[in-house]
Amino acid sequence: MTLTATPDQLAKYEVVIGLEVHVQLATRTKIFCGCPTSFGAPPNTNVCPVCLGLPGALPVMSKPAVEMAMLGALALNCRINPTSRMARKNYFYPDLPKGYQISQFELPLAEHGYVDVVTANGPKRIGVTRVHMEDDAGKSTHDGFKDSDRFTYVDLNRSGTPLIEIVSEPDMRNADEAYEYMVYVKQAMEFLAVSSCDMEKGHLRCDANVSVRKWGAAEFGTRTETKNLNSFRFLKQAIEFEVSRQVAVVESGGRIVQETRLFNPDLGETFSMRSKEAAHDYRYFPEPDLVPLRISDAWRERLQSTMPELPAQKRARYATEFGLKPYDAEVLTATREIGTYYEKAVAASGDPKTTANWVMGDLLGALKNDGKEITESPVTAEHLGDLVKRIASGELSGKLAKEIFPKMYAEGLAPGVIIERDGLKQISDTGAIDKIIDEVLAANPKQVEQYKGGKTTVIGFLVGQIMKATKGQANPGVVNDLLKAKLG
């Protein structure tokens with residue numbers, strides 16, 4: 001039976017969390033050979049003697065992988081080391097054909113970075129210990145439950161794909177902070193096109209190191225590592241469960257064992273996988289088949305000059321340049337593509353705030369319902385900006401625009417085409433509107449008397465009748481002005 005802590009017990013302990021995030025780099029080929037990294041190929045087809053670990057095959061470092069790793073490290077404010085070295089990390093898995101992983105140990109690619117996130121208690125800086133490069137293992141698929149019919153299938157297509165491992169400092173104190181840190185890392189890697197960060201395909205995975213200690217204690221508690229968390233929701237659930245479990249164990253007089261655990265999403269619980277290895281268990285030694293990696297200042301500076309605006313910088317600019325609220329800026333920088341779309345729409349409309357409302361509400365809502373990304377939007381940024389511009393100029397009412405947008409989305413047409421075709425121009429001719437107002441007043445003498453008797457709220461009813469008579473095409477401002485003048 002799994003122990004869980006009470007709220008009073010949890011309140012006595014400080015939580016200490018560090019994350020190890022594995023990011024698959026978006027190179028076309030593997031890190032040490034020319035095999036493709038494409039996802040979904042038949043098992044064991046994207047392989048060669050190098051990634052199969054055959055005797056005599058020698059690795060050759062991929063320059064694109066190094067450059068993507070450097071960009072990822074720079075996005076996390078890390079110092080790129082002028083010299084780094086690959087090392088052999090020795091352990092056995094059925095899907096590790098060489099019997100070792102080529103990683104980095106004493107001389108990583110980059111160190112001493114940080115990430116600034118916004119938490120419930122305000123801004124917080126989370127340290128990044130190191131960013132190092134490594135190759136991935138293959139994939140094991142387990143089938144069957146009884147010993148007599150249990151099989152493990154090994155696919156080595158993933159073996160040798162390039163990874164960076166981002167190791168944080170143990171600076172996070174609850175699951176929400178870990179969540180925000182992961183959001184930052186994912187967005188930064190996506191903005192740089194360093195990785196697709198598709199968690200369903202395993203392009204972004206996270207291991208959570210969790211320990212607890214009494215408030216005021218100087219020493220960290222014994223930590224456990226929960227491996228291969230492949231969704232943000234599972235990350236939060238695993239941390240929250242592990243914190244509760246550890247506190248309950250300590251409170252009951254037990255002892256936390258340093259171990260590797262896995263998360264069962266169906267139960268929402270972690271369970272023991274194996275005792276935790278230390279560095280000496282891996283018998284690290286320098287990779288003899290690869291020379292040290294040397295990064296010149298000129299190379300680093302050239303890459304740094306190509307970096308696009310990162311999400312945090314873009315949010316700050318949207319606040320100052322466009323006057324957007326923090327929440328709006330966050331939604332519009334969720335991906336690089338959403339930000340690009342929004343800025344193109346603003347360029348066409350000249351109205352940042354109204355454009356933000358249309359992108360966040362009508363457009364993203366419609367795309368979500370259809371399971372589409374913004375890159376698949378049938379409404380171009382220029383067409384949406386044109387629609388917003390017509391509202392601002394008074395050519396369209398908001399109500400008419402709401403009628404036009406679904407047609408734009410369904411047909412991919414510009415708003416002007418739909419307005420002309422369907423006769424949806426706004427009526428601003430005072431003569432035409434004046435005539436309709438006379439007809440509405442004549443048909444509603446009771447409401448006219450109520451208004452003149454002091455019940456001014458009835459004007460809303462009369463405006464509604466006029467808009468109904470014009471099928472929503474009358475200019476609301478003109479209607480209100482003429483109606484008030486007639487009613488005295």
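Each value in this text was obtained by applying a stated rule to the coordinates, not by laboratory testing. Please read all numbers here as calculations on a predicted model, not as lab measurements. So basically every Cβ, Gly included, is an ideal-geometry build from the backbone, and we count neighbours across all protein chains shown.
Neighbour counts of C-beta atoms inside 10 Å place 440, 479 in the sequence 440, 479, starting with the fewest.
When a/c reaches 1.5 or more, the comparison of a/b and b/c decides; with that in mind, is segment 76-155 rounded, prolate or oblate per its Cα gyration tensor? In terms of gyration-tensor shape, oblate.
Put simply, the amide H of residue 231, placed in the peptide plane, has no neighbours under 5 Å, leaving out anything fewer than 5 places away on its chain.
Stokes-Einstein diffusion for segment 309-422, with the hydrodynamic radius set to the Kirkwood value over Cα pairs and evaluated at 25 °C in a medium of 0.890 mPa s, equals 173 µm²/s.
A simple charge model with +1 on the Cβ of Lys and Arg, -1 on the Cβ of Asp and Glu and nothing else charged puts the dipole of the chain at about 500 debye relative to its Cα centre.
Let a ≥ b ≥ c be the square roots of the eigenvalues of the Cα gyration tensor of segment 116-168; is it rounded (a/c under 1.5), or, if not, prolate (a/b larger than b/c) or oblate? Judged from the Cα gyration tensor, segment 116-168 comes out oblate (a/c at least 1.5, b/c at or above a/b). Just check segment 1-149 against the gyration tensor rule for me: Cα atoms, a ≥ b ≥ c as the square roots of the eigenvalues, rounded for a/c under 1.5, and otherwise prolate or oblate depending on whether a/b exceeds b/c. Cα axes put segment 1-149 in the oblate bin. To the nearest 10 degrees, how steep is helix 476-487 against the longest Cα principal axis of the chain, on a 0 to 90 scale? So the inclination is approximately 30 degrees.
Between helix 175-191 and the chain there is an angle of about 80 degrees, using the helix long axis and the longest principal axis of the Cα atoms. In summary, the aspartates and glutamates within cross-link reach of residue 98, defined as a Cα separation below 15 angstrom excluding same-chain residues under 8 places away, comprise 134, 135, 136, 155, 287, 289. Axis of helix 232-251 versus longest Cα principal axis of the chain: the two differ by about 60°, to the nearest ten degrees. With the convex hull drawn around the C-alpha atoms of segment 182-290, the volume per residue stands at 171 Å³.
Structure note, pairs 353/399; 399/455; 236/314: Cα-Cα distances above 22 angstrom occur for 399/455; 236/314.
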